[in-house]
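Take this structure, written in structure tokens, and hold onto it; I'll ask about it next.
The values are calculated or read from the model by the stated rules, or taken from the named source; none is laboratory data. Predicted model only: the values in this text are computed from it and were never measured. Note that we place each Cβ from the backbone using ideal geometry, even for glycine, and neighbour counts take in every protein chain shown.
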Amino acid sequence: MMERPDVETLRLADDTARRHNWKRWGPYLAERQWGTVREDYSPDGTCWDYFPHDHARSRAYRWGEDGLLGLTDRECRLCLAVALWNGRDPILKERLFGLTGPEGNHGEDVKECYFYLDATPTASYLKALYKYPQREFPYARLVEEGRRRGRQDAEVELVDTGIFEDGRYFDVTIEYAKASPDDVLVRLTVTNRGPEAAPVHLLPTLWFRNTWSWGRTGEGYWPKPRLVRAGGATIAAEHASLGRFLLAAEGNPAFLFTENETNVARLFGAPNVSPYVKDAFHEYVVHGRTDAVNPEGIGTKAAAHYVLTLPPGGEARLHLRLSAEAEAGGPPSGPDVDRIFADRIREADAFYARHIPATLGEGEQAAVRQAYASLLWSRKFFHYVVKQWLEGDPAQPPPPASRWRGRNADWRHLYNRDVISMPEAWEYPWYAAWDLAFHMIPLARVDPQFAKEQLVLFTREWYMHPNGQLPAYEFAFSDVNPPVHAWAAWRVYKMTGPRGARDRLFLERVFQKMCLNFTWWVNRKDSEGNNLFGGGFLGLDNIGVFDRSRPLPGGGVLEQADGTAWMAFYCVTMLEVALELAREDPAYEDMASKFFEHFVAIADAMNAFGGTGLWCPDDGFYYDQLQTSGRVVPLRVRSMVGLLPLLACTVLEDDTLERLP
């Protein structure tokens, strides 16, 4: 008898079949939108300086939103997150802080303490923890210390400043539970870990992503929506494509309203179109400016304002409920809400009991579950339309003409507006194609449909370049990542179904596009046509004596042991996929033999071209080699570069060779 699926698995099946839209809402709100390439309209690509953290509270984002452990729909139209103030900070805490790339002695680095604790694939239950200091947050000290320290020094962390001494902080636990696909319950638990009573302001904030200020119309540019007081402790959210939603808050908090519009007066010294701007809640709470918020109770950004004083060890719990008007299921708090949270937690336990081996110890199981939570919380809405970004917007000042010759200018076809797995939600709030490929292996265990959709998405024509290259990451889409996409698809294919019942259509779709990508590698990265490949940095922190991603000093060609090994590995993967597809379609037999022959050619070149190829018989190791002025110079530096050839192997079974000679 087959085991009955658990409730979360049934939700996943319903979402995949489009019976119920369980994934419409999720942890898709970025942890950082400021300092990203897509928000950068500078002439020289200095994204950290163009949109710094100091601007984030006052300046409307063009391409996304961010917030503190928040929630949004898959198109990032309506956002929900909590803001905090401890009575001492100079800034309302609406988002995570960190050092920029130029400020940190080891590059960008988030300077906060927060934890993703739990998550299910449909976001039917989410839990996260933020540790909010009671002392004034040391913004300036962190920046100064980061700049003072050198590359050989350790990074300064928030805990190093002493701000958490004596337990003077609040644990702010945020939980979301879905009563239905469009009915989301929110539970905020605040605990005073300090030795004295301490005040804290909590502002659960609801706002619309600004899609109306740019002078554009069409897909993704809806008429200006609105938030309005709806009677009682409720805010109504009205949006042309999302419909009408209600946010109900527990108790009787004050409600604040403003617009998600740039405070031009503060940032640029010009008059504001409206007196109510994005940083109004900061001005109201931190500086006591009651005139900063709209007394008429209308806007595109709103918050419920709670002011608490907690005794030592004291705890307060607040509830909210965000629901479609048609699905409004009841009050934000009470026994029914408690039951729904308990049910979702129990269902999450049952789901992970099926997916985490029982042979692991209790602590190991908890670590694996939290690792899954981190992966699931790191699925974020990513929006970047390169052509529009280069052009600038009709209602904004024209960007510098130099941008047409700068970053990503040759990726004008790229149109990204999707929920995508990110390497890390603050430090890397943008996708990296080969990181994503690796992420799909563990994600395939808990959400196979998402894993397959992500791998297919990157091969679609609005991602993949017409020449066959996959986009690397927003800092330079043309950078070269190791070719692991086909391998990830092959692994996901085998992981997500028993032999004979696997998703052949998925595998075939990816294989077709990977043939284009393979051809791009052969045409672009084998500069001498001798089956020895370059590629540049290739992502393994395998720093050489010079930058392998730039033209070599004095000219010449660098033939890379890792680039060549990756291509041999690519051949082996494509061979295996072609053999699998040939089981049902003999046309793929020719493709299998093509990739087998190409693998042999690369292996021969690597081991024997010009005598010994990239192999050094004296050292028993593979090295990069430099071809310049008719000379071949091995770069005898031992690193991961020389170990990667070990990856390029597979086993061909006798029956396969007999069946497909």
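If I filter segment 95-105 for residues that are without any contact (Cβ under 8 Å) to a residue 40 or more places away in the chain and of a type in the set (D, E, K, R), do I get at least one hit? First the steps, then the outcome.
Initial filter on segment 95-105 (without any contact (Cβ under 8 Å) to a residue 40 or more places away in the chain): none.
So far as segment 95-105 goes, no, none of its residues is without any contact (Cβ under 8 Å) to a residue 40 or more places away in the chain and of a type in the set (D, E, K, R).
Here is a list of conditions, (1) touching a Pro at 6+ places or on another chain (Cβ under 8 Å); (2) more than 20 Å from residue 199 (Cβ to Cβ); (3) surrounded by fewer than 16 Cβ atoms within 10 Å (Cβ to Cβ), and residue 325 meets all of them except one; can you say which number that is?
All conditions are met except number (1).
Still on this structure, please answer the following. Are there any helices (runs of 4 or more DSSP H) wholly within segment 409-527 with 1 or more residues that are buried (at least 17 other Cβ atoms within 10 Å of the Cβ) and of a type in the set (S, T, N, Q), and if so which?
The helices (runs of 4 or more DSSP H) meeting that bar are 448-457, 504-525.
Can you name every residue in segment 93-110 that is surrounded by 21 or more Cβ atoms within 10 Å (Cβ to Cβ), more than 15 Å from residue 69 (Cα to Cα) and not small (Gly, Ala, Ser)?
99
Here's another thing I want to ask about it. For residue 646, which of the numbered conditions (1) part of a helix (DSSP H, G or I); (2) touching a Leu at 6+ places or on another chain (Cβ under 9 Å); (3) under 17 Å from residue 564 (Cβ atoms) fails to hold?
The failed condition is (2).
Just to be sure I understand the filter: pairs with C-beta atoms under 9 Å, separated by 6 or more residues or on different chains, first member in segment 172-184 and closer than 15 Å to residue 118 by Cβ and in the same structural domain as residue 70 (by TED's automatic domain parsing), second member part of a strand (DSSP E or B) and aromatic (Phe, Trp, Tyr). Which pairs pass?
Cβ pairs passing all conditions: 173/130; 174/130; 175/125; 176/25; 176/125; 177/125; 178/25; 178/125.
Now a separate question. Among (1) more than 30 Å from residue 239 (Cα to Cα); (2) surrounded by 19 or more Cβ atoms within 10 Å (Cβ to Cβ); (3) out of contact with any strand residue (DSSP E or B) (no Cβ under 6 Å at 6 or more places or on another chain), which single condition is residue 120 missing?
For residue 120, the failing item is (1).
May I pose another question? If I ask for residues that are of a type outside the set (Phe, Trp, Tyr) and within 10 Å of residue 559 (Cα to Cα), which ones from segment 614-623 would you list? Before you say what the answer is, go through the steps one by one.
Pass one, segment 614-623, residues of a type outside the set (Phe, Trp, Tyr): 614, 616-620.
Of everything in segment 614-623, just one residue is of a type outside the set (Phe, Trp, Tyr) and within 10 Å of residue 559 (Cα to Cα), namely 614.
A further question follows. Does residue 71 qualify as being within 19 Å of the chain's Cα centre (by Cα), of a type outside the set (Gly, Ala, Ser) and either surrounded by fewer than 19 Cβ atoms within 10 Å (Cβ to Cβ) or more than 27 Å from residue 269 (Cα to Cα) (or both)?
It is true that residue 71 is within 19 Å of the chain's Cα centre (by Cα), of a type outside the set (Gly, Ala, Ser) and either surrounded by fewer than 19 Cβ atoms within 10 Å (Cβ to Cβ) or more than 27 Å from residue 269 (Cα to Cα) (or both).
This table checks each residue for (1) surrounded by 14 or more Cβ atoms within 10 Å (Cβ to Cβ); (2) over 22 Å from residue 558 (Cβ atoms).
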| site | (1), (2) |
| --- | --- |
| 625 | yes, no |
| 630 | no, no |
| 634 | yes, no |
| 639 | yes, no |
| 642 | yes, no |
| 646 | no, no |
| 654 | no, yes |
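Counting only residues that are surrounded by 14 or more Cβ atoms within 10 Å (Cβ to Cβ) and assigned by TED's automatic domain parsing to the domain that holds residue 66, give me the helices (runs of 4 or more DSSP H) lying completely in segment 331-394 with at least 2 of them.
Values: elements: 335-355, 362-377, 386-391.
The qualifying helices (runs of 4 or more DSSP H) are 335-355.
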